[in-house]
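Engineer: I'd like to ask some things about the structure below.
The values are calculated or read from the model by the stated rules, or taken from the named source; none is laboratory data. Small disclaimer: the values here were computed from a predicted structure and weren't measured. Neighbour counts are summed over all protein chains in view; Cβ atoms, including those assigned to glycine, are modelled from backbone coordinates with ideal geometry. Side chains are part of the model used for accessible areas, which takes the heavy atoms of the whole protein and leaves out ligands, DNA and RNA. Shrake-Rupley method; radii C 1.70, N 1.55, O 1.52, S 1.80 Å.
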Amino acid sequence: MYAFEYVRANSVRGAVSALAKHEDGKILAGGHTLLPTMKQRLASPSALVDLGAIKDLAGIEQRGRSLIIGAMTTHAAVAASDVVKASIPSLAEMAHMIGDPAVRNRGTIGGSIANNDPAADYPAACLALNATIVTNQRKIPASDFFKGLYETALEPGEIIVRVAFKPPSRAAYMKFRNPASRFALVGVFVAKKGSDIRVAVTGAGNQGVFRWRAAEEALAKRFNPKSLDGLKADAGMMNADIHASPDYRAHLVAVMTQRAVAKALGK
Amino acid sequence: MTSTGIGAAVRRKEDHRFITGKGRYTDDINRPGQAHAYFLRSPHAHAKIKSLDVQGAKTKPGVLAILTGDDIATDKVGGLICGWMIHSKDGSPMKAGPHPALAQGKVRYVGDHVAVVIAETVGEAKDAAEAIKIEYEVLPAEVETASAQRQGAAVIHDVAPDNTVYRWHLGDKAKTDAAFAAAKHVTKIDLTNNRLAPNPMEPRAAIGEYDSGDGVFTLYTTSQNPHVARLVLSAFIGIAPEHKLRVVAPDVGGGFGSKIFIYAEETVCVWAAKKVGRPVKWTSDRTEAFLSDAHGRDHVTHAELATDENGKITALRARTIANLGGYLSTFSSSVPTYLYAPLLSGQYDIANIYCEVDGVYTNTTPVDAYRGAGRPEATFVVERLVEAAARELGQDPAKFRRKNYIKSFPHQTPVIMTYDAGDYAASLAKAMEIADYANIGKRKRESAKNGKLRGIGISSYIEACGIAPSQAVGSLGAGVGLWESAEVRVNPVGTVEVLTGSHSHGQGHETTFAQLVSERLGVPFENVAIIHGDTDKVQFGMGTYGSRSGAVGMSAIYKALDKVIEKGKKVAAYVLEASAGDIEFKDGKFTVKGTDKAADFGAIALQAYIAHKFSGQELEPGLKEGAFYDPTNFTFPAGVHICEVEVDPGTGSTRIERWTAVDDFGVVINPMIVEGQVHGGIAQGVGQALLEGVRYNADGQLVTASYMDYAMPRADDLPSFHVGMTVTPCPSNPLGVKGCGEAGAIAAPAAVINAITDAVGHEHVAMPATAETVWKACQRASQKLAAE
Amino acid sequence: MASVSMTINGKAVRANVEPRTLLVEFLREHQRLTGTHVGCDTSQCGACTIHMDGKGVKSCTVLALQCEGAQITTIEGLANGEELHPMQAAFRENHGLQCGYCTPGMIMAAIDIVKRKGHDLDEHVIREELEGNICRCTGYHNIVKSIAAGAKAMRGHAGLQQAAE
C-alpha cells in the first residue's frame, strides 16, 4: 500500500468535512474492496475516512412499508436479520450469498453499492427491488443510481446513509458463481410487486448491472418460468473474459432468470 | 502391532505447534537488523532491456542497495541450473539457455527478475522500485505450447533457434508402427494437459544472512530439499563453498514440488546479504507466487491405442509437446521425459509403446515438477485412451481394463520400467464394490428424472515413486544420485534422535518416522525425535518429492536402525556376558538365546555410553549409526479411482457425487496420514480437472495471477471421499512401502473427465471442465443426436 | 504514525503505527504473534482469519487503526494454558491439518461457524461455511470431520465464549 492519512469520522458531517480537506480522500466502509485494491497499489488515496465509528449508520428497521438498512450494515447482519427475513426474505438470502462468512462480517451494503462492481450482488437487488438510495444530500432511485462499470450517481462529498426497500410480493435471487472469485458470473434478481416486474442482472453485462426488459415484458403477461421459454438475452451486451464467453453468459442469464422465477413462485 | 508402531493411526507429533499458532515458517523468522528485498519484475513477456537506471531510485528513503544483472555479472554469480541432461533423438544435448538470477539484457516472461531493491521496509523497497527507470524494447511473445516451434516464431534463447529444448523419444518406433498397421481398431485422441500453479498456501520466502566474522552464510528458505539447495548454491551458483553455507528449511507450508527448485530469489537474498552487510528477507505475495513459482503440466498430446480382434491392447503411441517456459527450471527437463513416457504402459500389458516428446521454450513462467510430475500426464493419456477405446468397442470400461491388466510380476514394460508387484484386478474389484458400480444405471435414470446427467469414470493409475536408483537415473541423465541418508543417535538414557535427509512439509514425518523407530527399537514413541531441514544438523539428504520419503528416506532409517541394533547386540554381549552371536533383540529387549538373561534397550544404551563393561579398544563407546540407502528399483503404487458426477445440462456445472479410491501403497505405516495424503491428492487432481488452469493472453500477460481468477478447489467443490486399500508389499525395500503422496493427483483428472464424458455423451471435454466447457459439450452431444 | 489501542488475547495493547499497517501485519510484526498467516492478497484464502469482537474476520483486510477499542482473539489466544480449545483438539484428533499453514485460520473460522450455526453441523453446512478458507493439503475431508467433531465438543465447554473472545 502507498502511505495515506487515516481519519476516524464520528459523524457523517465530520466525514464530509474530512473528505473536503483531502483532495484524493476516500471513504472507508467495510474496506473489502478498497483495501485489497490498495494493497496491490492499484489505488492511492491520500486519506481514508473511516465510517466505522459512526454508530447510527448501521442498523435495520421496518419503517411502515419500507425496509430501511443503514449504509454500514454488514452483509452478515442483513443475512441474519429476522426483520429482513420477514420483510424481504430474498434479500436476506442474497446477502448470505455474498463473499464468504468473514467477508460478510465486514463488508457493508453502502460500500457495495457505492463501489458498483459489475459482478456484485447488491446492485441487482437494489435495481430489482426498486430501492431508494438515501445519501447525506438526497434520495436517489436505484434506476438512476447505477451508471455503468464502477460508476454511480454519487457526487463528490456525497455519502450513502441508508437504503430503503419496498417489499415485493414475490422475489428471488439466483447466482451462478465465478468458480475463482465467487463473485457473480451471472446473478439474476427477479421481483414482482403487483404488475411491476423487474429482472435485474449482475455479473453478465459489459456495462454493469442492467434490467432485462424483454424478460420483464414476457413475465408481465404471465409470471411463470415457461413465459421465458425460448427467450434469449443479447450476447452483444455481455461481458467477455476468461471465465465465460458472451454467448454462455447470455445463456446463463436466461437460465438463471427462469430459475429465479421458479424460486419466487416457490417451485 | 503396538498402538504407536507400524500400521497404527497415531495422532501427529507435529500438530501441537501448528494448532496453537507456534509453527515456525520462514516468514515467522526475523533476524536482527534484517532488511527487506523487493524484486522488480518484468511487465513484458519478451523484451530487450535497452537501459536500466537505478541511480534516482537509490536515493529514495530507506534504500540500502539496488542490484541488477550487471552486479550479478560483476560478482560472477553463476546462473540457475537445470540438473537433468536430456539428449535428443539425434544424440545432441538439450539446448539450455542462460538463466541468470537477475536478467541480463533480456527478459523472457512476465515476472522475470530485473532488479532487486533492498530497503529498511518492504513498503520502502516497493516505493523505490517504482522509481527505477527502465526502457524495454518489446519483442513478440511466444505463449502457446503447440505453436512455439513454428517457422517464424520469436526466438527466446539464441541457443535454441526453433525454441526447441530437445526432441526426445522412448520406445521402439518401427515395432510400434507395425503393431498399429496390423491393428483391428485404432483409437485416437487429442489432449491438453492444462498448466497449473502449485499454490502451496505458504508462499515462498527466504532470509539470507552473512557472518563476516567467519565468512559463513545462512539461508532460511521454504525448501523441500535444503541440502540440494546448498549443493546448487555452492557448486554451481558459486556463492559460498558448502562448509560455509548453512541452509535451514524450517516448517514449510506445503510444497507440491514447487519448493524443490533453486530460484532466483533465495540466490539473490544470500548474495545480497554479504553486499549490504545485513540479513535480507524476501517473502512472496500470492501474485508473485503465480508469476514466479514454477508451474506444472502444460502438455499438448496426440495419442493412439491399437487393439486386436479380441479387444486386447497391442500398442500405444503418443506425441507430446511439453511447454518448459522461459527458462529451464531445476528438474524441468526430466518431467515430460523420464517421469512421463516410462509410465505410458499404465497398468496394462502393452507389447509396443513409442513416445516422442518435444520440450519447448515459451515466454511463460518456467514449468517443472508439480505433484505427480509427468505421471499425471501419462495417466491422463492412458486412461482417456483406454476409456475411449472401450466405448468405441462397445465394451464395459471396467471389463476392458481388467482384460488388459498386467497379471504377473515382475513385469517388464517396453518403456524402461520393471513393475515389481501389484494386483490391479483386486483394486478394481474393491473400488467397484465401494462405488456401487453395478447400480450406476439405476442412479443415472434417477438423475435423468430430475433433468440431470449422471456419469461414472474409472481411472486405473500407476506411478513410479521412491525415486530412485542412483545408477539408473545417472544413466538417464540425472546430475545427482537419488539415495537418502539417515543418522540415528541413541542418547545415554535411551531416547532417540533421528536425523533425516527427507523434509516434512505436511507429510507428518515427525510421526511416521518415529513410529518406525518405536516399533523397531521398542522405545516409547514419545522418546523419539525426528530432526530434519537444517544442513548444519543433517549431514546430507536429497529431500522430499516424488513420494520418496517413505520408500527411500525411511529405508535409510531402517538401515541405520539395523546398525544400531547390531551395535547394541555387541554391547549387550558384554553386559549379559554372552557371545554376540547369542544375543537376540525383540520388543525393546536384548536377550541371550535360550536363557532368561535380558536387558532392555535403554539399559544397553547407557552401557554403550558409560563403557564400563567393555574395553574401548575392543568396542567403540557410544550408540550412533548412519546409513545411506540407495533404492534398487522404483516403487509402483497403483490403484483405481472411480468418480461419479452429476451434470446440470442447463448450466453445464458438474458436481462430484461420489469418489472412491482404492490404492495399493504396499505396507502402510500410518493409515490416518496415508488417507490424508490421498484426500489431498484427489483434491488437486479434481482441481486440475474441473477448476484450475493458468492462462496467458496473446501478449504473454498472466491473466490468472490471483485467486480472483485462478480457481482453487474449495470445500464446497468437493465431496467426502471413500478410501480403501489393497496391499501387495513392495519387494524392493525393507519396509515394503511404496509411497502415497501423489496418487490422488495422478489418478483423479482422468476419473473426472471419464465421468463427465460418460454423462454428456461426448468425448471431447477439455480440462479444466468448467461449466461453460461442459455446457458446450452437452450442446454438441445434443446436436449430434439430432443429426442422427 | 497514529496511535491505536486494542485488546489482543485478553491483553491490552497500545501502539503507534503507520496508517497503512494491516491488522495482520500488526499482529505478526509488531506483536510477534506469528500464528496468523498470510496466504493471498485478495481476501480469499482465510489463513489470516482472527476474531474481532467475537466475529471471524480476515485480518489482511482490516487496518490496525480500524481496531481501536476492539477485542481481538488470535490462534495463540485459544488454548487455556496447556488445555487445548476443543476445536484445536478436534483438528489434531481428526487429522484436520497437514502442513499447518491454513490451520490457524481454519480453526478460527470453525469456531465462528459454531457460534453462528450451533453444535450440530452437517457436512453440507460446514462445506458452504468454509467458502472463505482455502486448504491445499487435506482436500477438506478431514477438516470437515474435525469441525463437526469440534462443534460437538464445544457444547457446554465452560468459559469457552470468554476464551474465544
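Engineer: Considering only the stretch B:669-719, state which residues are in a loop (DSSP other than H, G, I, E, B) and open to solvent by 30 Å² or more (accessible area, probe 1.4 Å).
Structural biologist: Keep residues of the stretch B:669-719 that are in a loop (DSSP other than H, G, I, E, B), which gives B:669-670, B:692-695, B:697-701, B:703-714, B:718-719.
Of everything in the stretch B:669-719, those that are in a loop (DSSP other than H, G, I, E, B) and open to solvent by 30 Å² or more (accessible area, probe 1.4 Å) turn out to be B:Arg695, B:Asn697, B:Ala698, B:Asp699, B:Gln701, B:Val703, B:Met708, B:Asp709.
Engineer: Quick check on this structure: which one of B:Ala661, B:Ala627 is more than 14 Å from chain C (Cβ to nearest Cβ), touching a strand residue (DSSP E or B) at 6+ places or on another chain (Cβ under 8 Å) and touching a residue at least 24 places away in the same chain (Cβ under 8 Å)? I'd like the intermediate steps shown before the answer.
Structural biologist: Details: B:Ala661 fails: more than 14 Å from chain C (Cβ to nearest Cβ).
That would be B:Ala627, the only listed residue that is more than 14 Å from chain C (Cβ to nearest Cβ), touching a strand residue (DSSP E or B) at 6+ places or on another chain (Cβ under 8 Å) and touching a residue at least 24 places away in the same chain (Cβ under 8 Å).
Engineer: A further question on this structure: Can you name the residue in the stretch A:168-179 that is in contact with a Phe, Trp or Tyr (Cβ under 8 Å, 6 or more places away or on another chain) and surrounded by fewer than 22 Cβ atoms within 10 Å (Cβ to Cβ) and, of all such residues, is nearest to the other protein chains (Cβ to nearest Cβ)?
Structural biologist: A:Arg177
Engineer: State all residues of the stretch B:632-652 that are of a type outside the set (Gly, Ala, Ser) and open to solvent by 10 Å² or more (accessible area, probe 1.4 Å); if no residue qualifies, say none. Full working, then the answer.
Structural biologist: So the first thing to find is which residues in the stretch B:632-652 are of a type outside the set (Gly, Ala, Ser), and the list is B:632-637, B:640-649, B:651.
Of everything in the stretch B:632-652, those that are of a type outside the set (Gly, Ala, Ser) and open to solvent by 10 Å² or more (accessible area, probe 1.4 Å) turn out to be B:Thr632, B:Asn633, B:Phe634, B:Glu646, B:Asp648, B:Pro649.
Engineer: May I pose another question? Go through the stretch B:755-784 and report how many residues are modelled with pLDDT of 95 or more, open to solvent by 50 Å² or more (accessible area, probe 1.4 Å) and within 11 Å of chain A (Cβ to nearest Cβ).
Structural biologist: So the count comes out to 1.
Engineer: While we're on this one: If the requirement is being closer than 25 Å to A:Ala164 by Cα, more than 9 Å from chain C (Cβ to nearest Cβ), open to solvent by less than 50 Å² (accessible area, probe 1.4 Å) and within 19 Å of the chain's Cα centre (by Cα), which of these qualifies: A:Leu28, A:Leu67? I'd like the intermediate steps shown before the answer.
Structural biologist: Values: A:Leu28 fails: more than 9 Å from chain C (Cβ to nearest Cβ).
Only one candidate qualifies: A:Leu67.
Engineer: Within the stretch C:133-144, does at least one residue satisfy the condition of being closer than 30 Å to A:Leu28 by Cβ, surrounded by 24 or more Cβ atoms within 10 Å (Cβ to Cβ), in contact with a strand residue (DSSP E or B) (Cβ under 9 Å, 6 or more places away or on another chain) and facing another protein chain (nearest Cβ under 7 Å)?
Structural biologist: no
Engineer: For the stretch A:1-17, how many residues meet the condition of being surrounded by fewer than 20 Cβ atoms within 10 Å (Cβ to Cβ) and in a helix (DSSP H, G or I)?
Structural biologist: Of the residues in the stretch A:1-17, 5 are surrounded by fewer than 20 Cβ atoms within 10 Å (Cβ to Cβ) and in a helix (DSSP H, G or I).
Engineer: Would you confirm whether or not the stretch B:609-630 contains a residue that is among the aromatic types (Phe, Trp, Tyr), in a helix (DSSP H, G or I) and more than 23 Å from B:Gln347 (Cα to Cα)? Don't jump to the end; show me each part of the working.
Structural biologist: Within the stretch B:609-630, the first condition is being among the aromatic types (Phe, Trp, Tyr), and the residues that meet it are B:609, B:614, B:628-629.
Subset that is in a helix (DSSP H, G or I): B:609.
Still in the list and also more than 23 Å from B:Gln347 (Cα to Cα): B:609.
Looking through the stretch B:609-630, at least one residue is among the aromatic types (Phe, Trp, Tyr), in a helix (DSSP H, G or I) and more than 23 Å from B:Gln347 (Cα to Cα).
Engineer: Taking interchain pairs and intrachain pairs at least six residues apart, which have beta carbon atoms under 8 angstrom, with the first residue in the stretch B:12-38 and on the phi > 0 side of the Ramachandran plot and the second hydroxyl-bearing (Ser, Thr, Tyr) and surrounded by fewer than 23 Cβ atoms within 10 Å (Cβ to Cβ)?
Structural biologist: From the stretch B:12-38, the pairs are B:Gly21/C:Thr34.
Engineer: Among the strands (runs of 3 or more DSSP E) lying completely within the stretch C:1-119, list those that include at least 3 residues that are at the interface with another protein chain (Cβ under 10 Å from one of its Cβ atoms) and either over 19 Å from B:Arg286 (Cβ atoms) or in contact (Cβ under 8 Å) with a residue 40 or more places away in the chain (or both). Talk me through it step by step, then tell me what you get.
Structural biologist: Working: elements: C:2-8, C:11-17, C:49-52, C:55-58, C:71-73.
Once the strands (runs of 3 or more DSSP E) in the stretch C:1-119 are filtered for at least 3 residues that are at the interface with another protein chain (Cβ under 10 Å from one of its Cβ atoms) and either over 19 Å from B:Arg286 (Cβ atoms) or in contact (Cβ under 8 Å) with a residue 40 or more places away in the chain (or both), what remains is C:49-52, C:55-58.
Engineer: Now for a separate question. Among the strands (runs of 3 or more DSSP E) contained in the stretch B:1-95, which hold 2 or more residues that are open to solvent by 20 Å² or more (accessible area, probe 1.4 Å), charged (D, E, K, R) and away from chain C (no Cβ under 14 Å)? Can you show your working first?
Structural biologist: On the way: elements: B:35-41, B:47-53, B:63-68.
The strands (runs of 3 or more DSSP E) meeting that bar are B:47-53.
Engineer: Another one. For B:Gly568, which of the numbered conditions (1) within 29 Å of B:Ile673 (Cα to Cα); (2) of a type outside the set (A, V, I, L, M); (3) part of a helix (DSSP H, G or I) fails to hold?
Structural biologist: (1)
Rundown of residues vs (1) surrounded by fewer than 18 Cβ atoms within 10 Å (Cβ to Cβ); (2) closer than 28 Å to B:Trp84 by Cα; (3) modelled with pLDDT of 95 or more; (4) acidic (Asp, Glu), yes/no style:
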site	(1), (2), (3), (4)
B:Phe380	no, yes, yes, no
B:Arg384	no, no, yes, no
B:Phe400	no, no, yes, no
B:Phe409	yes, no, yes, no
B:Asp420	no, yes, yes, yes
B:Lys430	no, no, yes, no
B:Leu453	no, no, yes, no
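Engineer: Right, next: Do you know which of the residues in the stretch A:47-56 that are outside any strand (DSSP E or B) and touching a helix residue (DSSP H, G or I) at 6+ places or on another chain (Cβ under 7 Å) is farthest from the other protein chains (Cβ to nearest Cβ)? Before you say what the answer is, go through the steps one by one.
Structural biologist: Just the residues of the stretch A:47-56 that are outside any strand (DSSP E or B), to begin with: A:51-56.
When the remaining residues are screened for being touching a helix residue (DSSP H, G or I) at 6+ places or on another chain (Cβ under 7 Å), the result is A:51-52, A:54.
Numbers: A:Leu51: 10, A:Gly52: 6, A:Ile54: 13 Å.
Once the filter is applied, the top-ranked residue is A:Ile54.
Engineer: Among what's in the stretch A:236-267 and is more than 12 Å from every other protein chain (Cβ to nearest Cβ) and surrounded by fewer than 22 Cβ atoms within 10 Å (Cβ to Cβ), pick the residue that is modelled with the lowest pLDDT.
Structural biologist: Narrowing the stretch A:236-267 to residues more than 12 Å from every other protein chain (Cβ to nearest Cβ): A:236-239, A:260-261, A:263-267.
Add one more test, that the residue is surrounded by fewer than 22 Cβ atoms within 10 Å (Cβ to Cβ), and what stays is A:236-237, A:239, A:263, A:265-267.
Values: A:Gly236: 97, A:Met237: 96, A:Asn239: 95, A:Lys263: 98, A:Leu265: 97, A:Gly266: 94, A:Lys267: 84.
Here the answer is A:Lys267.
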